[in-house]
Amino acid sequence: MSLQSALERLATYRANNTRTSQDIFRNGLLVLQKGSFKKLGDDGKPFRWTSLEQLALASVDVGRLDIADQCLQLIADKFPNSPRVDCLVGIRMEATEPPETALKYYADILEADSANVAIWKRRISVLRRTGKVEKAVNELLQLLDTFYTDVEGWLELADIYASCNQYDHSFQALSHVLLLTPQNPFYVLQAAETAYTSEDFFLAIKMFLTVVDMTDADDSEQLLQESTPLGITVRAWFGVKLCARRIAQNANMKSLSNTSAPKNLELLDELATERLRVAYSSSGQKGEIAKGRQEVFAWVATPLA
């Protein structure tokens, strides 16, 4: 494989945010062995140095710390006193040093530069990994109070709360995510499933239907009948079906969020049943989802009450 091909492969992984450490290591090692980084001056292409950083992280993942150290040395020589290099050094430190050593390293950097978000997040990650969840949450709340638009931070907070079975707090964190990125159906689906887990079924079915509305190709009646649900749309229709059943089982159900009960629940259940039947009945490539269709058909055919 040529150097250019290896760089292109690494660039593709970065663009897709793909963490395939073994393959990244193989391609990145080729770039490193070519020795091109040692020849680059101030006019060196930035993406090559980004590839070297990518190799350093992959090397830590696969346990090749000797290669990681080599990459870090090259990057540090090229970019001395870089906050990004400080973060890489911290990640390398986490691989072999006790957590307390890494936490002290991050604390010293934050004392000098409290706006270093990357270092702040690494510190929170170490706290969570070592079981200091309460302290991790407190620091994460401080970070989000300073950098409110950090979607990744809100998602991490929601995940921490969910791991502690605090689904109401998790949903509150996700509500900030939806305010910041309202166009992302995956976050809406996550919020819907969190509402379902917290047993707020009125809110959950409303949000599942929002996912359907966001992901269906066209909501006209004619095309709706002809189209085949795919991807997260199928998952959302499953959510609608589940919520309809739970709501039908309890006539006195109330919503924790004061969301009004859905109208025409039976019609929603029938629509979800029809959409799931279509998803699992189609032929050709789209019909690959049809594995286990008889079990699905039997499940969706069960009456509401």
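The figures follow:
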item	result
Candidates LEU242, LEU189, filtered to the one that is part of a helix (DSSP H, G or I) and surrounded by fewer than 19 Cβ atoms within 10 Å (Cβ to Cβ)	LEU242
Residues being open to solvent by 20 Å² or more (accessible area, probe 1.4 Å) and either farther than 18 Å from PRO303 by Cα or among the acidic types (Asp, Glu) (or both) - total across the range 225-239	8
Tabulated pairs, the range 103-124, first more than 17 Å from LEU141 (Cα to Cα) and hydrophobic (A, V, I, L, M, F, W, C), second open to solvent by less than 40 Å² (accessible area, probe 1.4 Å) and in a loop (DSSP other than H, G, I, E, B), C-beta under 7 angstrom, 6+ apart or interchain	ILE109/ASN116
Residues (in contact with a Leu (Cβ under 9 Å, 6 or more places away or on another chain) and part of a helix (DSSP H, G or I)) located in the range 109-127	VAL117, ILE119, TRP120, LYS121, ARG123, ILE124, VAL126, LEU127
Number of the condition not met by ILE75 [criteria: (1) part of a helix (DSSP H, G or I); (2) under 28 Å from LEU174 (Cβ atoms); (3) among the β-branched types (Val, Ile, Thr)]	(2)
Conditions (1) surrounded by 15 or more Cβ atoms within 10 Å (Cβ to Cβ); (2) within 24 Å of PHE147 (Cβ to Cβ); number of the one not met by ALA107	(1)
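Let's see how each residue does on (1) surrounded by fewer than 20 Cβ atoms within 10 Å (Cβ to Cβ); (2) farther than 26 Å from PRO99 by Cα:
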{"position": "GLY131", "(1), (2)": "yes, no"}
{"position": "TYR148", "(1), (2)": "yes, yes"}
{"position": "LEU155", "(1), (2)": "yes, no"}
{"position": "VAL177", "(1), (2)": "no, yes"}
{"position": "ALA195", "(1), (2)": "no, yes"}
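The values are calculated or read from the model by the stated rules, or taken from the named source; none is laboratory data. Everything numeric here is computed off the predicted structure, so don't read it as measured data. Glycine also receives a Cβ, built like all others from the backbone with ideal geometry; neighbour counts cover every protein chain displayed. Heavy atoms of the whole protein, side chains included, go into the accessibility calculation; ligands, DNA and RNA do not. Shrake-Rupley method; radii C 1.70, N 1.55, O 1.52, S 1.80 Å.
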